[in-house]
1. Quick check: net charge around residue 57, other residues with Cβ under 15 Å of its Cβ, Lys/Arg +1 and Asp/Glu -1?
2. Take peptides 93-103, 74-84 and line them up by average Cβ neighbours within 10 Å, highest first, as a rough protection proxy.
3. Taking the simple approach of a point 7 Å from Cα along Cα-to-Cβ for both residue 158 and residue 80, what is their distance in nm?
4. Calculate the spin-label point distance for residue 129 paired with residue 31, positioning each point 7 Å from the Cα along the beta-carbon direction, and give it in nanometres.
Amino acid sequence: MTVALAERPHHDYPATDLGVPVGTPTFAMVDGTVTTATSGVGVYPGSGGRCGNTVIIEGVDTVRYTYCHLSAVTVTTGESVAAGQQVGLTGGQPGAPGAGNTTGPHLHLSMRGSGRTLCPQPLMLSILLGSPINPLAAPSSGCISGQPNTNWAAWLDQRITQ
C-alpha cells in the first residue's frame, strides 16, 4: 500500500493529512486514554463538523493525538488504549457520513503537547524505522502549508547522532 500526503495541503498549523483509502484501519500511536470518540457530530465548537468522526487520545507521554475524518470509530470515550490498538477506520470521502469538511479520502492527524502543536511527521517516521522518538521533541514548524518543508529523515538522523 502506498501512503501519500494529501495533494492539496491546507493547514495553517502543524498536522498531516495521509491519503489512504476509505476503511483503512487506524491505530493508536501510544498508550493512553480516549478523551473523545465521536460519530456524526462536530468536535470543535463553531467548526461546522469539519473534523467529522473523531478520536482524541491523551497519551501517557502527555501528548494529545487527534484523528479526524474517520468512517468508523471503534473505541469509546474513557477507554484505555494500547499503542497499536485499532481506534477506527479512515474516511474522508466527500459527502459520506462522518467525513467532515474534506476533499478526498484521508486521515488527518494532529498532536499537541507542552502547550504547543507538534509536527506528527517525525514521530510517524521514527515509529516506522523502529526507533520512536519522544514526541515532545518534534518541532512546531516545517510541516505547515506554505512554509518550507523539513527533510524528516535528515532531522531524525541529526537527533540520533547527537
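Coordinate-derived values only; no laboratory data. This structure is a prediction, so every number in the text was calculated from the model and none was measured. Note that we place each Cβ from the backbone using ideal geometry, even for glycine, and neighbour counts take in every protein chain shown.
1. Values: positive: 64, 112; negative: 31, 58, 61, 79.
Charge balance in the 15 Å sphere: -2.
2. Numbers: 93-103: 16.7, 74-84: 13.5.
The packing order, highest mean first, is 93-103, 74-84.
3. For the pair residue 158/residue 80, the computed spacing is 3.9 nm.
4. Placing both labels 7 Å along Cα→Cβ, they lie 2.5 nm apart.
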